[in-house]
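To keep things clear, I will list the structure first and then write my remarks on it.
Every read-out reported here was derived from the displayed coordinates using simple, explicitly stated rules and does not represent laboratory data. The structure displayed is predicted, hence computed values, not measured ones. Cβ sites come from the backbone with ideal geometry, for glycine too, and all protein chains shown count toward neighbours.
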Amino acid sequence: MNVVLDTNFLLLPIEKKLDVYEKIPLLFDDAVAFYTPRQCFDELMAKREEKKFGAALELARKKIRVVLVLSQKPDDAVVEACREYKAVAATNDRQLREKLKKAGVKTIFLRGNKLEIG
């Protein structure tokens with residue numbers, strides 16, 4: 001299973017102490033490959049001097065494959081990457097979840113302290 005993480009999900013291990021790289025695979029029967037669009041990775045890079053962004057960036061470098069897509073905006077890049085890699089998206093962004101739903105892409109999101117698929 002391919003999973004594309006947006007910027008807010010890249011920050012979850014630091015902000016909420018939730019190891020999404022460990023928890024997401026428990027939602028699926030298949031092995032999981034993690035991806036993020038360059039645009040989301042660049043958002044972390046731009047703020048890497050802030051402790052949480054730097055820590056999230058360091059973790060992402062170890063766990064995620066950064067992919068290139070044509071879309072300029074990070075949200076559009078997540079949708080495009082999901083289509084290209086036939087992936088589920090991991091995001092807590094309500095507007096992005098609506099956009100993904102319209103595109104026929106399933107999402108993983110955090111509700112309380114639990115990850116859910118919608």
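Structure above, values below:
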{"quantity": "Number of the condition not met by ARG61 [criteria: (1) under 17 Å from VAL3 (Cα atoms); (2) surrounded by 16 or more Cβ atoms within 10 Å (Cβ to Cβ); (3) within 14 Å of the chain's Cα centre (by Cα); (4) of a type outside the set (S, T, N, Q)]", "calculated": "(2)"}
{"quantity": "So ARG48, is it over 20 Å from LEU27 (Cβ atoms) and of a type outside the set (Asp, Glu)", "calculated": "yes"}
{"quantity": "Residue pairs meeting the criteria (Cβ under 6 Å; at least 6 apart or on separate chains; first closer than 14 Å to ASP6 by Cα, in the stretch 93-111; second of a type in the set (Gly, Ala, Ser) and in a helix (DSSP H, G or I))", "calculated": "none"}
{"quantity": "Per-region count, the stretch 84-103, residues of a type outside the set (Val, Ile, Thr), more than 19 Å from ASP30 (Cβ to Cβ) and out of contact with any Leu (no Cβ under 7 Å at 6 or more places or on another chain)", "calculated": "11"}
